[in-house]
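Shown next, in structure tokens, is the structure this report addresses.
A short reminder: the numbers here are calculations on the coordinates, not readings from a lab. None of the values given here were measured: they were computed from a predicted structure. Every residue, glycine among them, receives a Cβ derived from its backbone with ideal geometry; neighbour counts consider all protein chains shown.
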Amino acid sequence: MSPYAPSDDALTPLKIVIAGGFGVGKTTMVGAVSEIEPLSTEETLTIASAGLDRLDGIDCKATTTVTMDFGRITFPAHGLVLLLFGTPGQERFWFMWDDLAHGAVGAIVLVDTRRLQDAFPAVEFFERRATPFLIAVNHFDGTHRYTPLEVREALGLRADTPVLTCDARSRESARAVLTALVGHAQRLAVPHRPLPSASPA
Amino acid sequence: MRTGDRTPWVVEPVSGPRPYVVTGGRTHSTHDLDLASLVKASQAGRGMELESEHELAFRLCLHGPVSVAELAARMRLPVQVVKVLLSDLLSAGAMVPAMPTVTVNPADPEILERVLVALRTL
Ligand SMILES: Nc1nc2c(ncn2[C@@H]2O[C@H](COP(=O)(O)OP(=O)(O)O)[C@@H](O)[C@H]2O)c(=O)[nH]1
Ligand SMILES: [Mg+2]
């Protein structure tokens, strides 16, 4: 029996991260494809004094609330559940991304071409961590549409990092992005699968 | 942390056959749980009397596997607190893991193929 064969009603959970800057459409995309209304987990974090003023040698602390979106898609017939995590894209949340990226299938980095630079921290993080990721350009109405090539160049992506366009409001579009990500992860997992030989000896 | 000032949890029989699960003072979960870990309520747990937050977590897991992340969101509690609650419930046998015992490698081409096949049905 395969270790993955579901026993009873056990499911194999697989994480997918949806990262990107504020307002880029993370919550919208999780909601478009999740079988439940997206939930939000709020973590109140106390940030140590880095960059903040000190008063009489006492470190000032600041608290911030991080909202993470959660959604899921269960495939009982396949013994799987995809857990979707929408997470803010600022560098200061990297410690949180470690938890999320650990054991994740991969990440979707959502991009709004009006604020391309918001994607830099996520791109840098997933590249460094060797987490499979792709860029999904969420097209807002009336915004200038950059070609995937222009986005690729602006973000300094590696040649094998996929760049797609999507509409985060559309379930079909979100499904296509998920499919592309899993396909990409699979190609990375088997990088040197030999091509069938063209002419047998 | 909300559980910080409590006495350690114990399971002890009270009058009658129902064990009573008291809540915990630990801040670290003793089980290896992460955001994606799935748990479900056990049959045995149905016969236990649980302290309020444990009871809520238990009830949310009555209908099949629930992830730590979802539970935290539904209970509006920090993930770390939920991990501690779940550790108590797992130790008491009120909940059981609801995922394969073998750690799944998310880069396993076979499992990724299964995800692709599943996504086609969406
Ligand atoms: N026109 C348009 N609006 C979108 C699209 N995706 C998201 N929005 C809207 O943009 C706003 C921000 O989206 P949200 O999902 O909350 O962004 P988040 O901060 O990344 O979670 C919301 O008002 C969405 O309805 C899109 O593809 N097209
Ligand atoms: Mg949001």
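Residues in segment B:35-40 carry Karplus couplings, in order, of 3, 9, 4, 9, 9, 9 Hz; the curve used is 6.51 cos²θ - 1.76 cosθ + 1.60 with θ = phi - 60°, and Gly or Pro positions show x. Ranked from largest, the principal axis spans of the Cα set of segment B:19-120 equal 45, 27, 24 Å.
Charging the Cβ of each Asp and Glu at -1 and of each Lys and Arg at +1, and nothing else, the dipole of segment B:43-110 about its Cα centre rounds to 140 debye.
Rounded, prolate or oblate: pick one for segment A:8-188, where a ≥ b ≥ c are the square roots of the eigenvalues of its C-alpha gyration tensor, a/c under 1.5 means rounded, and failing that, prolate if a/b is larger than b/c, else oblate. Oblate, since a/c reaches 1.5 and b/c is not below a/b.
When the charge dipole of segment B:19-120 is built from unit charges on Cβ atoms (+1 for Lys and Arg, -1 for Asp and Glu) and taken about the Cα centre, the candidate among B:HIS31, B:GLN43, B:ALA107 whose Cα reaches farthest toward its positive end is B:GLN43. With a Förster radius of 22 Å, plug the Cβ-Cβ distance of A:ARG128 and A:ALA154 into 1/(1 + (r/R0)^6) and report the FRET value to the nearest 0.05. Efficiency at R0 = 22 Å is approximately 0.70. The ranking of B:LEU122, B:LEU71, A:LEU149 by Cβ neighbour count inside 10 Å, starting from the fewest, reads A:LEU149, B:LEU122, B:LEU71. Here the label points at A:GLU172 and A:THR147, each 7 Å from Cα along the C-beta direction, are separated by 2.6 nm in the simple model. Among the trypsin sites (Lys or Arg not before Pro) within segment B:61-112, those in coil by DSSP and having at most 15 neighbouring Cβ atoms inside 10 Å are B:ARG76. Treating r as the C-beta distance of B:THR101 and A:ARG114 and R0 as 56 Å, the FRET efficiency rounds to 0.75. In order along segment A:179-185, phi translates into HN-Hα couplings of 4, 5, 5, 5, x, 5, 4 Hz, rounded to whole numbers, per the Karplus curve 6.51 cos²θ - 1.76 cosθ + 1.60 with θ = phi - 60° and x for Gly and Pro. Simple point charges give the picture: +1 on the Cβ of Lys and Arg, -1 on the Cβ of Asp and Glu, and for segment A:8-188 a dipole about the Cα centre of about 460 debye. Distant-in-sequence amide contacts of B:GLU49, defined by a placed amide H-H separation under 5 Å and a gap of 5 or more residues or a different chain, comprise B:VAL21. Among A:THR147, A:THR28, the ranking by other beta carbons within 10 Å of each residue's beta carbon, starting with the fewest, stands as A:THR147, A:THR28.
For the pair B:ARG120 and A:ILE36, label points projected 7 Å from Cα toward Cβ lie 2.9 nm apart.
Taking amide H positions as modeled 1.01 Å from N, with prolines and chain starts lacking one, the residues under 5 Å from A:LEU164 and 5 or more places away or on another chain are A:ILE135, A:ALA136, A:VAL137.
Which FRET efficiency, nearest 0.05, do B:GLU110 and B:GLN43 yield, Cβ-Cβ r, R0 45 Å? Efficiency for this residue pair is about 0.90.
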